[in-house]
Amino acid sequence: MKKMLWRLIISSIFFILGIFINSSNAKLILFAASYILAGGDVVKRAIYNIKEGEVFDENFLMSVASLGAFLIGEAPEGVAVMLFYQVGEIFQDYAVGQSRRSIASLMDIRPDYANVKEGDKLIKKDPEDVKIGDIIVIKAGERVPLDGIITEGSSMVDTSALTGESVPRDVGEGSEILSGCININGVITVKVTKEYKESTVSKILDLVENASSKKSQPEKFITKFARIYTPIVVGIAVILAIVPPLIIKEATFSQWIYRSLSFLVVSCPCALVISVPLSFFGGIGGASKKGILVKGGNYLESMAKTEIVVFDKTGTLTKGVFKVQKIVAENSPEEVLRLAAYAENYSNHPISISLKEAYNKEIDSKLISDVEEISGHGVSALVDGVNVLVGNDKLMNKYSIPYSKYILPGTVVHVAKDGNYAGYILISDEIKEDSHKAIKGLKDQNIKDIVMLTGDNKSSGENTAKELGIKKVYTELLPADKIEKVEELISQKSEKGVLMYAGDGINDAPVLARADVGVAMGGLGSDAAIEAADVVIMTDEPSKIVQAIRISQNTLKIAYQNIIFAISVKVLILLLSSIGYASLWAAVFADVGVTFIAILNAMRALKQK
Amino acid sequence: MKKTFKLEGLNCANCLAKMERKISKLKGVTNVSSNFFTAKMIIEADEDFMPEIEEAASKIVKKYEPQVVFTVE
């Protein structure tokens with residue numbers, strides 16, 4: 001690069017001397033020297049490529065354009081084309097280098113080493129060589145190399161590289177810790193639970209890197225455009241050089257060849273080929289910095305056209321942390337809670353967890369048998385020889401157990417013992433504070449429809465929706481009903497509109513897949529969510545959806561600006577030069593100058609707010 | 001199978017697009033995607049053909065950008 005710069009400087013000096021010197025022989029020598037210094041490499045490459053049968057090679061076309069100018073007696077123009085082309089290339093290389101560095105720094109979450117404990121010693125190892133069950137030590141300031149569980153010590157960790165969240169988290173013995181975070185102060189000892197290839201950090205990096213393989217419409221357009229653009233422009237150049245001088249009386253070959261040379265100069269679609277993918281990749285990178293992982297350029301593009309946003313309630317808009325609020329029993333409340341906790345022992349549903357937490361005693365699993373989960377209803381089990389039913393109204397109806405219907409803010413869990421009603425437990429969930437911000441943000445974005453789906457009962461679902469200001473809500477849905485509802489909503493949107501579904505990715509994977517864009521919330525540490533969704537939000541803030549839509553709109557705007565700018569400048573210069581109003585200088589600008597500006601513009605996509 | 005390659009020293013985006021097109025036409029290749037900014041190329045192909053594809057791809061890369069070092073990541 002440095003060497004090239006010096007060559008161009010000396011070449012420019014020769015060029016300027018050549019313009020001012022009077023002797024025509026000296027002029028030609030100076031121009032030739034200037035040309036060889038600036039463009040020798042280009043010509044050499046051109047000759048090499050022509051031998052390989054590559055006609056539409058950029059080097060070849062530039063060489064023809066500049067040497068052509070020499071031949072028709074426009075030597076200064078010929079030198080200028082090469083000189084400015086090369087200067088432009090230096091600018092371009094600089095801009096590409098800058099954007100590569102920005103992208104690299106975005107992805108600079110890869111840990112370099114792990115301190116593995118072997119006996120009393122700490123050995124520095126490549127994270128790829130660490131196995132599950134190994135004990136590693138992470139000191140203050142170090143990056144967590146692998147996912148694991150803290151066995152000793154406590155500290156604050158900076159998760160911003162994964163979540164975009166700047167407030168550090170407190171972790172201590174027993175906490176799960178994810179690779180890619182930075183340990184801020186204490187020393188912690190961690191038992192590794194995942195190999196490097198399966199760890200959070202390498203999953204995120206894979207995801208972002210592979211995102212460029214799913215291309216957006218503008219990217220696909222550019223790929224097609226690039227393929228035909230060069231042959232067409234070169235074809236017109238040939239026609240322009242030959243036909244007018246043969247048909248029109250006053251037209252001379254040298255005049256029309258000069259005009260056609262401009263076409264050769266702008267025949268590279270470089271500006272578009274570089275800047276459009278950079279805009280999308282930059283948008284994806286910028287979003288990942290904010291804790292929003294987008295799995296492809298196509299999804300990034302789609303989000304800008306969001307018309308309907310469908311939210312799952314539990315765990316998405318609400319905290320998904322249930323608490324037993326009230327127990328109403330026919331006889332003994334303790335007994336109702338005990339039976340419920342036992343029957344739900346094997347379930348990981350948030351409601352089951354809250355029952356077990358409220359019970360807060362050892363559960364003797366030997367006493368439980370014949371557990372049957374009835375999807376969307378509840379569970380039936382044999383507990384200590386007693387037939388227990390735990391579930392919603394539907395379950396009671398199914399077994400024809402008389403019960404009273406309650407309209408309460410929360411989930412009512414009925415418990416029946418040997419076919420007799422025993423009582424109910426009221427469990428409720430809290431709305432996330434961030435949900436209000438999310439709904440308001442979506443309304444400000446003029447999203448046509450905001451819908452909430454939930455498997456919960458009517459009163460609890462409608463309560464939540466009302467509090468958040470969501471007008472459309474569908475309650476008491478089984479997992480299969482959710483897909484049906486989403487399909488129904490998809491048929492209501494306009495042809496180009498997009499339906500986005502946001503859920504926690506745990507039991508709604510099919511719905512995530514069916515939506516135009518499936519967003520999984522709280523992806524941090526959940527493989528299922530990362531797998532199923534098109535967009536993963538690493539934190540549990542639904543307002544990131546608003547941010548994601550904004551990033552998408554921004555990125556598209558930048559990509560379209562570049563497409564329109566580059567194509568219109570090129571077409572303008574082509575038109576002007578074909579009627580003789582633009583010089584080769586302008587053509588060089590339309591080539592490298594436009595590329596440089598387009599790259600700078602595309603780099604804005606990396607810095608998303 | 002999927003294999004990722006690094007193209008060190010890559011500096012022409014249009015050349016990369018051309019390489020991608022040529023490589024995707026090789027026998028056994030099902031998909032090629034490349035990223036100019038990370039200078040990486042992912043080739044998806046039939047496992048049996050992979051060794052030949054790798055060799056051919058390396059030649060194609062060298063043809064467009066002789067200075068590029070093409071290696072398996």
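The values are calculated or read from the model by the stated rules, or taken from the named source; none is laboratory data. Computed from a predicted structure; not experimentally measured. Note: ideal-geometry Cβ built from the backbone for every residue, glycine included; neighbour counts use all protein chains shown.
A few notes on this one:
- Hey, A:Ile470 in the same structural domain as A:Leu337 (by TED's automatic domain parsing), touching a Ser or Thr at 6+ places or on another chain (Cβ under 9 Å) and touching a residue at least 12 places away in the same chain (Cβ under 8 Å) or not: no
- Pairs are defined by a Cβ separation below 7 Å, a sequence spacing of at least 6 or placement on different chains, a first member in the range A:384-396 that is in contact (Cβ under 8 Å) with a residue 12 or more places away in the chain, and a second member that is surrounded by fewer than 16 Cβ atoms within 10 Å (Cβ to Cβ) and charged (D, E, K, R); the pairs so defined are A:Val386/A:Asp418; A:Asn387/A:Asp418; A:Asp393/A:Lys405.
- Answer from A:Tyr94, A:Tyr35, A:Tyr48 - the residue that is at pLDDT 90 or above and either of a type in the set (Ser, Thr, Tyr) or closer than 30 Å to A:Gly282 by Cα (or both): A:Tyr35
- Per the listing A:Lys220, A:Lys197, the residue uniquely surrounded by fewer than 20 Cβ atoms within 10 Å (Cβ to Cβ), closer than 29 Å to A:Ile558 by Cβ and not small (Gly, Ala, Ser) is A:Lys220.
Residue-wise test of (1) more than 30 Å from the chain's Cα centre (by Cα); (2) β-branched (Val, Ile, Thr); (3) over 20 Å from A:Ala75 (Cα atoms); (4) outside the structural domain of A:Ser254 (by TED's automatic domain parsing).
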residue	(1), (2), (3), (4)
A:Lys570	yes, no, yes, no
A:Ser577	yes, no, no, no
A:Gly580	yes, no, no, no
A:Ser583	yes, no, no, no
A:Ala587	yes, no, no, no
A:Val592	no, yes, yes, no
A:Thr595	no, yes, yes, no
A:Leu600	no, no, yes, no
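- Evaluation of B:Ser34 against the conditions (1) away from chain A (no Cβ under 13 Å); (2) crowded, with 16+ Cβ neighbours inside 10 Å shows that the sole unmet condition is (1).
- Test: residue in the range A:184-198 that is within 30 Å of A:Gly580 (Cα to Cα) and within 21 Å of the chain's Cα centre (by Cα): no
- Of all residues in the range A:499-519, those satisfying the criterion of being of a type in the set (A, V, I, L, M, F, W, C) and either touching a strand residue (DSSP E or B) at 6+ places or on another chain (Cβ under 9 Å) or closer than 12 Å to A:Thr316 by Cβ (or both) are A:Leu499, A:Met500, A:Ala502, A:Ile506, A:Ala509, A:Val511, A:Leu512, A:Ala515, A:Val517, A:Val519.
- If you go through the range A:145-171 and pick out every residue that is over 23 Å from the mean Cα position of the chain (by Cα) and hydrophobic (A, V, I, L, M, F, W, C), you end up with 5.
- Only residues that are closer than 20 Å to A:Ser260 by Cα and among the acidic types (Asp, Glu) were counted across the range A:42-53, and they come to 0.
- Qualifying residue in the range B:60-71 (condition: assigned to a loop (DSSP other than H, G, I, E, B), within 10 Å of another protein chain (Cβ to nearest Cβ) and closer than 27 Å to A:Phe56 by Cα): yes
- For A:Val546, the requirement of being β-branched (Val, Ile, Thr) and farther than 30 Å from A:Lys194 by Cβ is met.
- Total residues in the range A:231-269, condition crowded, with 24+ Cβ neighbours inside 10 Å and either within 14 Å of chain B (Cβ to nearest Cβ) or outside any helix (DSSP H, G or I) (or both): 4
- Number of the exception - A:Lys323 against (1) at pLDDT 90 or above; (2) in contact with a helix residue (DSSP H, G or I) (Cβ under 8 Å, 6 or more places away or on another chain); (3) surrounded by fewer than 24 Cβ atoms within 10 Å (Cβ to Cβ); (4) not acidic (Asp, Glu): (1)
- Qualifying strands (runs of 3 or more DSSP E) (wholly inside the range A:367-457; at least 1 residues being farther than 23 Å from A:Ala343 by Cα and either within 36 Å of the chain's Cα centre (by Cα) or hydroxyl-bearing (Ser, Thr, Tyr) (or both)): A:449-453
- Pair list, Cβ under 9 Å, 6 or more apart: the range A:209-230 residue on the phi < 0 side of the Ramachandran plot and at the interface with another protein chain (Cβ under 8 Å from one of its Cβ atoms), other residue assigned to a loop (DSSP other than H, G, I, E, B) and charged (D, E, K, R): A:Asn210/A:Lys295; A:Thr223/A:Lys215
- Looking across the range A:144-195, the residues that are in a strand (DSSP E or B), among the acidic types (Asp, Glu) and farther than 26 Å from A:Ile284 by Cβ come down to A:Glu152, A:Asp170, A:Glu176.
- Test for A:Glu209: is it among the acidic types (Asp, Glu) and over 25 Å from A:Ser166 (Cα atoms): no
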